[in-house]
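Colleague: Here it is, the structure, as structure tokens.
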Amino acid sequence: MTLHFPPLPMPVAESLPHDARRATLVGRLWVPGSGPTLVTLTGDDLHDLSTVAATSSQLLELDDPVFSVQSALRTGQAPRIASYEAALANSDESLRDGTQAWLMAPCDLQPVKASGVTFIASLLERVIEEQARGDASRADKIRRSLTGILGDNLAGIVPGSPQAAQVKEVLIAQGAWSQYLEVGIGPDAEVFTKAPPMAAVGTGADVGLHPGSSWNNPEPEVVLAIDSRGRVRGATLGNDVNLRDFEGRSALLLGKAKDNNASCAMAPFIRLFDAHFGIDDLRRCEIALHVAGPDGFRVEGRDTLAKISRDPLDLAAQAIGPHHQYPDGLMLFLGTMLAPTQDRLGPGQGFTHVVGDVVTVSSPAFGALVNRVRRCDEIAPWRFGLTALMRSLAARQLLT
């Protein structure tokens, strides 16, 4: 059966940072007949950065990516390749014209890693999943019980600190300790693989839910772009689509709960750190979530990265270093600050997606990521991987 959907809400102005004209934005554009092409944005113009770097990963390895991008623009070595407005409109997968360009996820060779339970709200929800054993009908009762025990006592605790160790002892005595609290306030962060290189989808694309899941949710997050030396070069927005019932049944199902066809989405541009935007600006940025269902159901939320329990640079250092190298760099989701809990399908059931939901993750600092929810076995299969990319770059003589 062919499903028909209305156009996605992707106005140009809202898709970009509020200060887009001074931001250094790099992304990837699918160019029919050529393949994935590294681009930067100035005004409405997308400029080809192939003379600067063949891949997003390679660009981030440069000593000064911002200078390299600006120099290419200034010297005419980054020719205009497409209209951003046209490419954005054609990124809507339900309306896409395959003969025209569209926006992709802004990373390529980098594996996609993710940090878990880095906010108190999401930590609480993970403990609920664990105790509910994947049964959404038990969530509300458990949530009220845990709130009575924990309250706001975890807010402000520095993970791995002596205070955190004392809280652990108290919670164990109360029978409220959990493996999620261990990574939430213990010394070691949870860092797992969200998606392999080339698997992330971009704005306008369908995102996938496993057909066996009946309790799931979006996870709006900031995503760090990190080079092979562990330097954070910029950031973007992401949606870490999550299956609450799978992980709730067993933490050993994390891979199945997190990594499915099109279950990882990212906004079209990495915003590079430059004179106008750096790590301190990132620490203060706000993120909003909006879910609009075909049934008329709506969810909205907004919060700030300032509430994160571990500093973004600490999470980056736990993901890459002497213990683990990534020669092509990595993308790192920082954890979700917004976990929808509103009842949707019945009292006490909490939130879950339905096919056709439109999810918008937005931030004044980054713009917006918009995707439609479908079953992962019914959307376009992932076929363009690393081998295909190498062949594409070789055909364009971009391999060095």
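The values are calculated or read from the model by the stated rules, or taken from the named source; none is laboratory data. As the structure is a prediction and not an experimental result, all values here were calculated from the model. No Cβ is skipped: glycine too gets one built from the backbone with ideal geometry, and neighbour counts run over all protein chains shown. Keep in mind that these areas ignore ligands, DNA and RNA; they rest on the heavy atoms of the full protein, side chains included. Shrake-Rupley method; radii C 1.70, N 1.55, O 1.52, S 1.80 Å.
Colleague: Ignoring everything except DSSP H segments at least 4 long, calculate the 222 nm mean residue ellipticity for the chain; use -39,500 (n - 2.57) per segment, divide by total residues, nearest 500.
Modeller: Helix contribution divided over all residues of the chain: -7000 deg cm²/dmol.
Colleague: In debye, nearest 20, what is the charge dipole magnitude of the chain about its Cα centre with +1 on Lys and Arg Cβ and -1 on Asp and Glu Cβ, if you could check?
Modeller: 300 debye
Colleague: If you place +1 on the Cβ of every Lys and Arg and -1 on the Cβ of every Asp and Glu, how big does the dipole about the Cα centre of region 44-145 come out, in debye to the nearest 20?
Modeller: Here the size comes out at about 620 debye.
Colleague: Here's a follow-up. Given labels modelled 7 Å from the Cα in the Cβ direction, how far is it in nm from ALA251 to HIS18?
Modeller: 3.9 nm
Colleague: Oh, and also: Keeping all protein chains in place, calculate the accessible area per residue for the chain (probe 1.4 angstrom), answer in Å².
Modeller: That works out to 41 Å² for each residue.
Colleague: Here is a further query. Alpha carbon centre of region 195-246 versus region 95-121: separation in Å?
Modeller: 6 Å
Colleague: If contacts are Cα pairs under 8 angstrom and at least 6 residues apart, what is the relative contact order of the chain in percent?
Modeller: Reported relative contact order: 23 percent.
Colleague: For region 239-340, which whole percent of the accessible surface, found with a 1.4 angstrom probe, sits on carbon and sulfur atoms?
Modeller: Percent of accessible area from carbon and sulfur atoms in region 239-340: 52.
Colleague: Given charges of +1 on the Cβ of Lys and Arg and -1 on the Cβ of Asp and Glu, with all other atoms neutral, how large is the dipole of region 333-400 about its Cα centre, in debye to the nearest 20?
Modeller: For this selection, approximately 340 debye.
Colleague: Can you give the three extents of the C-alpha atoms in the chain along their principal axes, from longest to shortest, in whole Å?
Modeller: Taking the Cα atoms of the chain, the three principal extents are 66, 51, 36 Å.
Colleague: Let me ask something else about it. May I have the count of lysine pairs in the chain with C-alpha atoms under 25 Å apart, counting pairs 8 or more residues apart or located on different chains?
Modeller: Summing the qualifying lysine pairs gives 10.
Colleague: Continuing with this model, one more query. Dipole of the chain (Lys/Arg Cβ +1, Asp/Glu Cβ -1, origin at the Cα centre): which of THR75, ILE185, ALA23 lies farthest to the positive side?
Modeller: ILE185
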